[in-house]
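The structure appears below as structure tokens.
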Amino acid sequence: MAKEADLEGEFAVFVAAQDELHRRRGVESVASPYDPSGLWASIQRHLLTHDGERSFVAEDDGLIVGFTAALVRNDCWFFSALFINPQYQS
């Protein structure tokens, strides 16, 4: 399962995946550096706090290469994130 200490590594995967998508579409990538008090981290932290048992990371020799998160409220299950570093996709 994912933990708060994984957030910076998860963010690196998120940025790598977004950059690759933007390159394929010919769009400039505008990723900001990781901000532990920023919106992205706050959202992920909320998911970990309230539904942490549905958040996972994939690692290769200690390096986070993918992550996923989901949120359940009552009878609604929301698949919030699935990002894989492009070098590990296929």
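Summary table below
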quantity	calculated
Residue among A12, A41, A69, A2 that alone is open to solvent by less than 40 Å² (accessible area, probe 1.4 Å), of a type in the set (A, V, I, L, M), modelled with pLDDT of 95 or more and assigned to a helix (DSSP H, G or I)	A41
Test: V27 is of a type outside the set (F, W, Y) and within 13 Å of L7 (Cα to Cα)	no
Residues satisfying the stated conditions in the range 15-38, i.e. assigned to a helix (DSSP H, G or I) and under 17 Å from F83 (Cα atoms)	V15, A16, A17, Q18, D19, E20, L21, H22, R23, R24
Members of the range 72-90 that are open to solvent by 100 Å² or more (accessible area, probe 1.4 Å) and within 18 Å of L21 (Cα to Cα)	L82, Q87, S90
Some residue of the range 48-66 being out of contact with any Ser or Thr (no Cβ under 6 Å at 6 or more places or on another chain), in a strand (DSSP E or B), open to solvent by less than 30 Å² (accessible area, probe 1.4 Å) and not small (G, A, S)	yes
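The values are calculated or read from the model by the stated rules, or taken from the named source; none is laboratory data. Remember, predicted model here, so these are calculated numbers, not experimental data. A quick note on method: Cβ atoms are made from the backbone with ideal geometry, for glycine too, and the neighbour counts reach across all protein chains shown. Just the protein is used for accessible areas: all its heavy atoms, side chains included, with ligands, DNA and RNA removed. Shrake-Rupley method; radii C 1.70, N 1.55, O 1.52, S 1.80 Å.
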